[in-house]
Amino acid sequence: MTAVPARTAVVTGGTAGIGLQTAVALAVQGWQVTVIGRDTERGKAAVARIDQAAGTPAARFVPADLSSLAETRALAERLTAEGPLHLLVNNVGGMWTHRWESPDGIEASVALNHLSPYVFTEAMLPALTAGAPSRVVNITSSAVMAAQPVYEPEAVEPPGPHYGMSATGRAKLAHLVHTLDLADRLKDTGVSVFAADPGPAATDNAAQMTIDILPPPMRPLWDQILQGVATPVSAAVRSPLTAATDTALDGRTGLVLDPTGTPSEALLGYATPEVTTAVRAWTRRLLATA
Ligand SMILES: NC(=O)c1ccc[n+]([C@@H]2O[C@H](COP(=O)([O-])OP(=O)(O)OC[C@H]3O[C@@H](n4cnc5c(N)ncnc54)[C@H](OP(=O)(O)O)[C@@H]3O)[C@@H](O)[C@H]2O)c1
């Protein structure tokens with residue numbers, strides 16, 4: 001009897017935190033998983049942990065700095081040359097207390113939460129289409145709700161000082177717009193596109209946050225946020241894993257899953273027609289120059 005080839009997945013930022021936990025869970029379910037990150041030692045440790053959990057060689061590490069659009073495009077070229085792909089989890093992203101810029105001179109929240117996964121997914125579409133039925137899972141965040149009060153749709157960054165929550169919120173909102181656009185564009189191709197909110201979790205990225213991520217009016221929420229980011233990472237895998245594997249979602253697309261893995265409308269209302277039009281325009285502008 002011929003063995004059925006394993007389903008293949010790529011998890012960006014898959015060497016730590018929510019991405020690693022997702023990769024472990026996928027491998028335990030029989031997936032072959034490629035994890036992407038920058039640090040080789042961390043990559044090796046992730047592969048060892050995934051293989052051990054799966055009880056068989058199930059993982060490999062491919063290094064890339066996804067804050068660089070050139071490296072993102074080169075990675076996609078390498079991976080699409082390998083043939084069909086069944087699952088892409090765009091997990092790389094985060095929220096930073098201090099403003100910093102990508103090698104392309106783009107504010108990091110926008111570069112890593114929106115532009116990089118945008119470029120990567122578009123470049124991976126030949127492999128995902130060849131692998132159909134396949135899925136794209138974009139990791140989103142309830143920070144989207146913090147984008148709205150400071151959202152000036154025509155501006156790439158929020159006006160005024162850098163607040164990580166607002167910056168990440170608007171970058172995740174921009175990526176939600178792309179998620180919905182892509183789901184619509186691919187609806188007859190067998191490639192489903194979902195956004196998954198893992199909820200807060202105790203990861204390296206969360207550990208570097210200080211109250212300065214919050215605009216002053218939001219600071220009374222800090223204790224609540226600290227409680228949230230004490231949640232074990234294992235709890236944050238539910239939404240991404242459901243989006244990636246739940247057969248109840250077969251044939252569906254364009255859904256946003258809340259941290260319990262349930263389709264939810266909560267974040268969709270922030271992607272208003274005005275925001276959608278503006279995000280499409282400034283994304284095109286940024287990509288034309290980067
Ligand atoms: N943690 C939370 O409370 C929370 C809540 C809602 C949503 N999220 C979302 O969940 C996702 C994962 O966050 P996390 O908290 O799990 O992060 P994390 O623990 O800090 O892990 C980040 C992962 O991404 C990799 N990475 C970071 N920068 C990279 C780059 N430039 N290029 C390639 N790989 C890179 C890291 O490996 P290297 O450092 O070796 O590159 C690591 O594997 C993000 O999209 C985040 O916005 C998190």
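The values are calculated or read from the model by the stated rules, or taken from the named source; none is laboratory data. Everything numeric in this text was worked out from a predicted model, so none of it was measured. Virtual Cβ from ideal backbone geometry, glycine too; neighbours counted across all protein chains shown. Surface areas here come from the heavy atoms of the whole protein model, side chains and all, with no ligands, DNA or RNA. Shrake-Rupley method; radii C 1.70, N 1.55, O 1.52, S 1.80 Å.
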> Quick check: anything in the range 47-62 small (Gly, Ala, Ser) and near the ligand (Cβ under 10 Å from one of its atoms)?
Replying inline: no
>> Which count do you get for residues in the range 224-260 that are within 14 Å of the ligand (Cβ to nearest atom), in contact (Cβ under 8 Å) with a residue 40 or more places away in the chain and assigned to a loop (DSSP other than H, G, I, E, B)?
In response: 2
>> Just to check your reading of the model, which residue among 275, 237 is closer than 24 Å to residue 19 by Cβ and buried (at least 17 other Cβ atoms within 10 Å of the Cβ)?
In response: 237
>> I need a count of the residues in the range 28-50 that are within 12 Å of residue 87 (Cβ to Cβ) and under 20 Å from the mean Cα position of the chain (by Cα).
In response: 4
> Considering the range 123-143 alone, what residues qualify as being in contact (Cβ under 8 Å) with a residue 60 or more places away in the chain and not in a strand (DSSP E or B)?
Replying inline: 124, 125, 128, 129, 131, 133, 140, 142
> Going by the conditions given, is residue 15 touching a residue at least 40 places away in the same chain (Cβ under 8 Å), closer than 17 Å to residue 89 by Cβ and within 16 Å of the ligand (Cβ to nearest atom)?
Replying inline: yes
> So, in the range 183-203, of the ones that are hydroxyl-bearing (Ser, Thr, Tyr) and within 21 Å of residue 248 (Cβ to Cβ), which residue ends up least open to solvent (accessible area, probe 1.4 Å)?
Replying inline: 192
>> Just the residues that are out of contact with any strand residue (DSSP E or B) (no Cβ under 7 Å at 6 or more places or on another chain) and either in contact (Cβ under 8 Å) with a residue 40 or more places away in the chain or closer than 30 Å to residue 105 by Cα (or both), please, taken from the range 38-62.
In response: 39, 41, 42
>> Going through 146, 155 one at a time, which residue ends up being within 13 Å of the ligand (Cβ to nearest atom) and under 23 Å from residue 273 (Cα atoms)?
In response: 146
> When the range 167-219 is examined, which residues are found to be within 19 Å of the chain's Cα centre (by Cα), more than 9 Å from the ligand (Cβ to nearest atom) and acidic (Asp, Glu)?
Replying inline: 181, 184
> Taking the range 30-46 on its own, how many of its residues are touching a helix residue (DSSP H, G or I) at 6+ places or on another chain (Cβ under 6 Å) and either within 12 Å of the ligand (Cβ to nearest atom) or open to solvent by 20 Å² or more (accessible area, probe 1.4 Å) (or both)?
Replying inline: 3
>> Given the criterion modelled with pLDDT of 95 or more, closer than 28 Å to residue 228 by Cβ and surrounded by fewer than 17 Cβ atoms within 10 Å (Cβ to Cβ), identify the matching residue among 135, 73, 99.
In response: 99
> Restricting the first residue to the range 267-290 and requiring it to be of a type in the set (Phe, Trp, Tyr), which pairs with a second residue that is modelled with pLDDT of 95 or more and surrounded by fewer than 15 Cβ atoms within 10 Å (Cβ to Cβ) meet a Cβ separation below 8 Å and a spacing of at least six or different chains?
Replying inline: none
> In the range 63-75, what residues are without any contact (Cβ under 8 Å) to a residue 12 or more places away in the chain, hydrophobic (A, V, I, L, M, F, W, C) and within 9 Å of the ligand (Cβ to nearest atom)?
Replying inline: none
